[in-house]
1. Among the candidates Leu356, Leu332, which residue alone is more than 21 Å from the chain's Cα centre (by Cα) and under 21 Å from Phe290 (Cβ atoms)?
2. Do you know which residues across the range 139-149 are in a loop (DSSP other than H, G, I, E, B) and modelled with pLDDT under 95?
3. Any residue that is farther than 22 Å from Phe231 by Cβ, open to solvent by less than 10 Å² (accessible area, probe 1.4 Å) and within 16 Å of the chain's Cα centre (by Cα) - is there at least one of those in the range 146-153?
4. Assess whether Thr309 counts as being assigned to a helix (DSSP H, G or I), at pLDDT 95 or above, touching a Lys or Arg at 6+ places or on another chain (Cβ under 9 Å) and among the polar types (S, T, N, Q).
5. So which residues in the range 115-140 are under 22 Å from Thr225 (Cβ atoms) and touching a strand residue (DSSP E or B) at 6+ places or on another chain (Cβ under 6 Å), if there are any at all?
6. Look at the range 82-137 and say how many of its residues are within 19 Å of Gly202 (Cβ to Cβ) and basic (Lys, Arg).
7. Could you count how many residues in the range 407-441 are within 18 Å of Val326 (Cβ to Cβ), open to solvent by 40 Å² or more (accessible area, probe 1.4 Å) and of a type in the set (D, E, K, R)?
8. Any idea which of (1) part of a loop (DSSP other than H, G, I, E, B); (2) touching a residue at least 24 places away in the same chain (Cβ under 8 Å) is the one Ala259 doesn't satisfy?
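The values are calculated or read from the model by the stated rules, or taken from the named source; none is laboratory data. The structure presented is a predicted model; accordingly, all values stated were derived computationally and were not measured. Virtual Cβ from ideal backbone geometry, glycine too; neighbours counted across all protein chains shown. All accessible areas refer to the heavy atoms of the entire protein, side chains included, with ligands and DNA or RNA removed. Shrake-Rupley method; radii C 1.70, N 1.55, O 1.52, S 1.80 Å.
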Amino acid sequence: MGNPLLSYYGDDFTGSTDVMEALASNGIPTVLFLDIPTPEMLGRFEDCRAIGIAGTSRSETPEWMQAHLTPAFEWLKSLEASICHYKVCSTFDSSPKVGNIGKAIEIGRKTFGQTTVPVIVGAPQLKRYTAFGNLFAAYQGQIFRIDRHPVMSRHPVTPMHEADLALHLGAQTNIPVAVADLVATTAPNADDRIDQLAAKQGILLIDVSSLENQEAAGRQMLRVTQQAGAFVAGSSGVEYALLAAWRRQGLANESTAFAEVGAVDRLAVVSGSVSPTTERQIRTALDNGFAGIALDPVALVSENGERATRAAIAAGASALTDGRSVILHTALGPSADRGVDIDKIPGARHRLGQSLGRILRSLIEREGLKRAVIAGGDTSSHALQELRVDALTTLLPLPQTPGSPLCLAHSSHEPTNGLQIALKGGQVGTDGYFSQIRDGARS
């Protein structure tokens with residue numbers, strides 16, 4: 001295997017598949033591992049030009065990051081890719097104690113031995129925009145500053161209360177942050193201006209507010225990494241910006257053809273999301289023939305959790321045996337959020353995702369399911385590990401809802417080897433998303 005074009009670590013599983021989809025859709029074969037692979041497992045994907053690890057750091061402490069990101073970054077560094085990306089959510093939600101992006105950059109900066117780390121967050125493809133260091137995101141057809149976003153400003157774990165990303169990062173790290181704003185990146189002397197900013201040695205936040213200036217941002221990121229080192233951070237906006245620059249170099253395509261996957265008769269979904277977007281998706285699916293099973297999240301993580309898990313499996317299996325697709329959900333929107341009660345139990349949020357994963361794996365094994373969905377970013381990170389999957393590749397990109405592709409699972413566990421699985425972040429997808437995945441439809 002030659003040196004990859006890009007390697008990356010995703011801070012949650014949905015974001016990791018987002019990167020994989022963006023690259024694979026543009027002619028860069030990509031594999032996503034759920035842990036550092038064995039040499040034998042890595043050798044199965046010699047055709048891949050991008051290699052990722054799906055992680056859980058978005059929901060972890062700085063101490064966890066120090067222990068787990070260090071070996072992951074060291075392994076990624078050993079691949080000697082042109083770019084190594086620490087991938088974060090495009091809403092940048094994080095805090096000093098949970099999902100600390102600044103801490104991750106500190107670890108990557110030290111591992112790669114570089115002083116300047118370029119960061120891109122804006123991704124117009126996902127309706128995320130940065131202007132003069134401030135982050136904006138769409139919701140229901142409107143654009144909001146992230147600290148006024150109806151959902152992300154009220155995130156149950158890491159609410160975004162600051163739109164200025166330099167200030168937001170300043171609460172997480174002492175590394176200075178410079179902003180390569182829209183004026184600098186599009187100026188006639190852009191290279192000189194970016195070089196001056198990069199020379200300050202810290203985090204270099206590069207604005208992206210449109211498809212037009214995205215390519216300029218990608219070109220500048222490539223220039224800075226060639227001088228400073230391979231490590232970068234940011235959302236999948238990093239890949240979209242680099243792809244725009246790589247196309248000019250003949251390293252990426254405009255698009256790649258994927259075979260149709262067709263419909264399945266039954267689909268199982270587990271959801272730990274409290275997002276109103278997921279709520280609409282669940283209600284739409286119920287209107288389209290899905291069976292809905294409400295789960296008590298507190299019961300699932302209590303000392304009687306095994307009993308609640310067995311009851312959920314039995315209810316899900318009953319619906320599937322009747323020939324219906326099923327959604328097992330812990331909430332229908334923000335009004336049903338039990339986060340206060342869950343947080344009274346140490347480690348409960350991780351265990352909740354794990355419980356949903358065990359429920360889903362049992363349904364897959366019992367019913368011989370070929371396709372499934374996990375909804376919720378943090379949920380996906382902990383639930384997918386229960387499916388005993390080793391790696392994912394892109395099976396069906398969804399251009400109408402980028403960031404939530406249908407993936408193919410590679411596993412030594414026979415029931416989940418070849419499973420078609422979609423991981424959906426809480427804010428991602430149209431109202432008909434679950435039916436779209438059941439029907440194998442691109443749009």
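1. Numbers: Leu356 fails: more than 21 Å from the chain's Cα centre (by Cα).
Sole residue among the options that is more than 21 Å from the chain's Cα centre (by Cα) and under 21 Å from Phe290 (Cβ atoms): Leu332.
2. The initial filter retains those residues of the range 139-149 that are in a loop (DSSP other than H, G, I, E, B), namely 140-141, 149.
Within the range 139-149, Gln140, Gly141 meet the criteria.
3. Of all residues in the range 146-153, those farther than 22 Å from Phe231 by Cβ come to 146-153.
If we keep only those that are open to solvent by less than 10 Å² (accessible area, probe 1.4 Å) too, we end up with 146, 149, 152.
Checking which are within 16 Å of the chain's Cα centre (by Cα) leaves us with 152.
Within the range 146-153, one or more residues are farther than 22 Å from Phe231 by Cβ, open to solvent by less than 10 Å² (accessible area, probe 1.4 Å) and within 16 Å of the chain's Cα centre (by Cα).
4. Numbers: assigned to a helix (DSSP H, G or I): yes; at pLDDT 95 or above: yes; touching a Lys or Arg at 6+ places or on another chain (Cβ under 9 Å): yes; among the polar types (S, T, N, Q): yes.
Considered against the rule, which asks whether it is assigned to a helix (DSSP H, G or I), at pLDDT 95 or above, touching a Lys or Arg at 6+ places or on another chain (Cβ under 9 Å) and among the polar types (S, T, N, Q), Thr309 comes out as yes.
5. Thr116, Val117, Pro118, Val119, Ile120, Val121, Gly122, Arg128, Gly133
6. Of the residues in the range 82-137, 3 are within 19 Å of Gly202 (Cβ to Cβ) and basic (Lys, Arg).
7. Going through the range 407-441 one residue at a time, the tally reaches 2.
8. (2)
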